[in-house]
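Participant: Just dropping this structure here.
All of the numbers you see were taken from the coordinates with simple rules; none came from a lab. All figures in this text were calculated on a predicted structure; none of them were measured in a lab. Cβ: placed from backbone, ideal geometry, glycine included. Neighbour counts: every protein chain shown.
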Amino acid sequence: MCGIVGAVAERNVQNILLEGLKRLEYRGYDSAGMAVRSPQGHLQRRRTLGKVAVLEECLVAEPLPGRSGIAHTRWATHGRPSEHNAHPHQSGERLAVVHNGIIENHETLRRELEAEGYAFISETDTEVIAHLLERESRQAGDLLAAVRRVLTRIDGAYALGVIHAEEPDVIIGARKGSPLVVGVGIDEAFLASDPLALLQVTDRFIYLEEGDAVRLCAGGRIEVFDTEGAVVERAVQTFEHGDGAASKGDYRHFMLKEIHEQPMVIAAALEGRLGERSVLVESFGPDAEALFRQARQIHIVACGTSYHAGMVARYWLERYAGLAVQVEVASEYRYRQVVVPEGTLFVTLSQSGETADTLAALRFARQRGYLASLAICNVPGSSLVRESDLTLMTQAGPEIGVASTKAFTTQLTALMLLTLALGRLRGQAEDEQANLVQGLRELPGLVARVLELDSAIEQLSMAFAEKHHALFLGRGAHFPIALEGALKLKEISYIHAEAYPAGELKHGPLALVDSEMPVISVAPNDELLDKLKSNLQEVRARGGELFVFADEQVGLIEEEYVHVLRLPHVHEALAPILYTVPLQLLSYHVAVLKGTDVDQPRNLAKSVTVE
């Protein structure tokens, strides 16, 4: 969301910083700003509300010449969008800082600093960092030492860029929980939250590791320090040029590329939103905590794949946050008389943010007395984002394939963040939240392990090449995952597929089971496993061929017409995210075998913008 750019060069850096901000506009923001050390040794700052173009106009009228500076685009978390809340923040006239992330203990630190006579002019958590740095720099006499001292005082997630008037051509950076990269130039050095911001000046980058600090100096000198303060070497990597979103790269289809991007985008969805043991509630916006504390019920409204994500979230929110949840198909929701209990939070899900039925539902809901609206979306400037009270961006990046893959798993990730944010405010056990937070940190690596099963899933897909029907089964939170698996198969392979709760077999679907009806099931290691095993035996007794995606700790035996693919063990609550991935791969490989247009299936569009 927020974006950082910094530069130390032998030339005027204003336009380098400005171009970097333009390249970060895709992330979404509400204000922009820049601070540059002038040739006379003074800090000069310009900040504006709105788009980078507004800041550019300001700089045309009042330029900021200088060889070192920092710039920022802000998405509000503490304090509403305004010029005085925009970054960079200063303490006095000597020091400026830009910050991505959230400082959890800012209120305590603010009181401490106010008692010492520091005056605050913004509502942000970042201004606390500026004043702490000013205080410590006077005592330490060195900007890097001051930054290191301040980092021991702040809790939460951060990526920082700091400049000081009395340390010419020096920028200090640091990261914990939010990304930060160093651009390596020729006698120049750069800092950014995303390498895309710096591709106009370099394609060589150092990706800072968790807890690293860095000092950029004149002449392109770069020093990286670990959490103990020791100088360390970090590899310089060359960025592969080209529009990655618009190119399939080495993949045969966009869909396959996007399936394999999921470890990366899930990690991006978590960046800056996790504390040591809990979710950072402020990730949802400056008013989120107050509104979440008032929430007594949740209404989730979405279409298609996003609707399935909402169905999974119902299980999570009821279990971990203790809230009643209602999940609605957007195209049905606005055509009935909706009863809205007091304190109901309205949540919309959309990859594009322009889905016509979901947008219409939001506009309908605004007249119905909801507590507030929250949009979980992948496109920052979309209508859904602009018209909602709170937003959480999924950070999936552009998704070209019509059948949604990475947008779905990042929606699920965002919904788990929402669950834990609400749970934290409603008294969820600290150890339970900490375990789930740790599980989220491990999730990208587990998804990467599932992707290593691609070849094995391709072999399984051959059994579907001549089939015309398929049945997907799941229990609990995995019933929506079965629905999503069936949707993917029908979308891109044109095989008729249905999904049922496994316990409903005897109520109709069992009549369809025979040797020509493959049955696909997910079997995580949870409290419903034994019941699921019984349901699978019912299928096998009718001559059905079973394809089971099972936890590696589950004792399912592979035999004739029973195919078992073992997945890595994952926290029970997060299993729906992990078990989505093999179903995506199965659908993809079946579609390839059948020769369909994987990325652009017939009769479907990526964004449904008409009713």
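Participant: Viscosity 0.692 mPa s, temperature 37 °C: Stokes-Einstein D of the stretch 450-602 from its Kirkwood Cα radius, in µm² per second?
Facilitator: The diffusion coefficient I find is 216 µm²/s.
Participant: Pairs Lys51/Lys248; Lys248/Lys490; Lys22/Lys248; Lys406/Lys594: which are spaced more than 27 Å apart, C-alpha to C-alpha?
Facilitator: Checking Cα-Cα distances, Lys51/Lys248 exceed 27 Å.
Participant: List the aspartates and glutamates whose alpha-carbon lies under 19 Å from that of Lys488, not counting same-chain residues fewer than 8 positions away?
Facilitator: In chain and number order, the partners are Glu258, Glu261, Glu399, Asp454, Glu458, Glu466, Glu498, Asp597, Asp599.
Participant: In whole angstrom, how far apart do the alpha carbon centroids of the stretch 1-74 and the stretch 306-338 sit?
Facilitator: The stretch 1-74 and the stretch 306-338 have Cα centres separated by 42 Å.
Participant: Exposure proxy check: Arg47, Arg149 ranked by fewest other beta carbons within 10 Å?
Facilitator: Least crowded to most crowded, the residues run Arg149, Arg47.
Participant: What are the trypsin sites (Lys or Arg not before Pro) within the stretch 184-272 that DSSP puts in a loop, where the Cβ has at most 15 other Cβ atoms within 10 Å?
Facilitator: Arg252
Participant: Would you mind checking the radius of gyration and Dmax of the chain based on alpha-carbon positions, in Å?
Facilitator: Cα only, the chain: 25.6, 85 Å (Rg, Dmax).
Participant: Taking the stretch 328-435, which GluC sites (Glu not before Pro) meet the DSSP loop condition and have no more than 11 other C-beta atoms within 10 Å?
Facilitator: Those satisfying the criteria are Glu342.
Participant: Could you give the spread of the C-alpha atoms of the stretch 162-288 along their three principal axes, from largest to smallest, in whole angstroms?
Facilitator: Extents along the principal axes: 51, 39, 27 Å.
Participant: Let me ask something else about it. Do you know the relative contact order of the chain, to the nearest whole percent, from alpha carbon pairs under 8 angstrom that are 6+ apart? Spell out each step's value before the answer.
Facilitator: Details: 1378 pairs, mean separation 67.0, N = 611.
Relative contact order of the chain: 11 percent.
Participant: Take Lys488, Lys467 and order them by how many other Cβ atoms sit within 10 Å, fewest up front.
Facilitator: Ascending number of Cβ neighbours within 10 Å: Lys467, Lys488.
Participant: Under 9 Å from the Cβ of Asp287, count the other residues' Cβ atoms, weight Lys and Arg +1, Asp and Glu -1, and hand me the total.
Facilitator: On the way: positive: Arg80; negative: Glu289, Asp389.
Overall, the nearby charge balance is -1.
Participant: Follow-up. Going from the alpha-carbon gyration tensor of the stretch 3-238, what semi-axes, largest first and in whole Å, does one get by taking the root of 5 times each eigenvalue?
Facilitator: Gyration-tensor ellipsoid for the stretch 3-238: 23, 21, 17 Å.
Participant: Only counting other Cβ atoms within 10 Å, I'd like Tyr335, Tyr315 sorted with the fewest neighbours first.
Facilitator: Tyr335, Tyr315
Participant: Net charge near Asp454: determine it from the other residues with C-beta under 14 Å of the C-beta of Asp454, scoring Lys and Arg +1 and Asp and Glu -1. Walk me through the numbers on the way to the answer.
Facilitator: Values: positive: Arg252, Lys257, Arg449; negative: Asp250, Glu258, Glu261, Glu452, Glu458.
In short, -2.
Participant: Are there GluC sites (Glu not before Pro) in the stretch 1-101 that DSSP marks as loop and that have at most 12 other Cβ atoms within 10 Å, and which are they?
Facilitator: Glu93
Participant: Shifting gears a bit: Rounded to whole Å and ordered largest first, report the semi-axes of the equivalent ellipsoid of the stretch 249-428 derived from its Cα gyration tensor (root of 5λ).
Facilitator: Working through the eigenvalues yields semi-axes of 25, 20, 13 Å.
Participant: List the pair-distance distribution P(r) of the stretch 397-468, using every Cα-Cα distance, as the percent of pairs falling in each 5 Å bin from 0 up to the bin containing the longest distance, rounded to whole percents.
Facilitator: 3, 12, 14, 16, 17, 13, 10, 7, 5, 2, 0
Participant: Follow-up. Let's see if you can work this out: charge +1 on each Lys and Arg Cβ, -1 on each Asp and Glu Cβ, no other charges. What is the dipole magnitude of the chain about its Cα centre, in debye to the nearest 20?
Facilitator: With only Lys, Arg, Asp and Glu charged at Cβ, the dipole is about 1080 debye.
Participant: Local charge sum around Arg424 (other residues, Cβ-Cβ under 15 Å, Lys/Arg +1, Asp/Glu -1)?
Facilitator: It works out to a net charge of -3.
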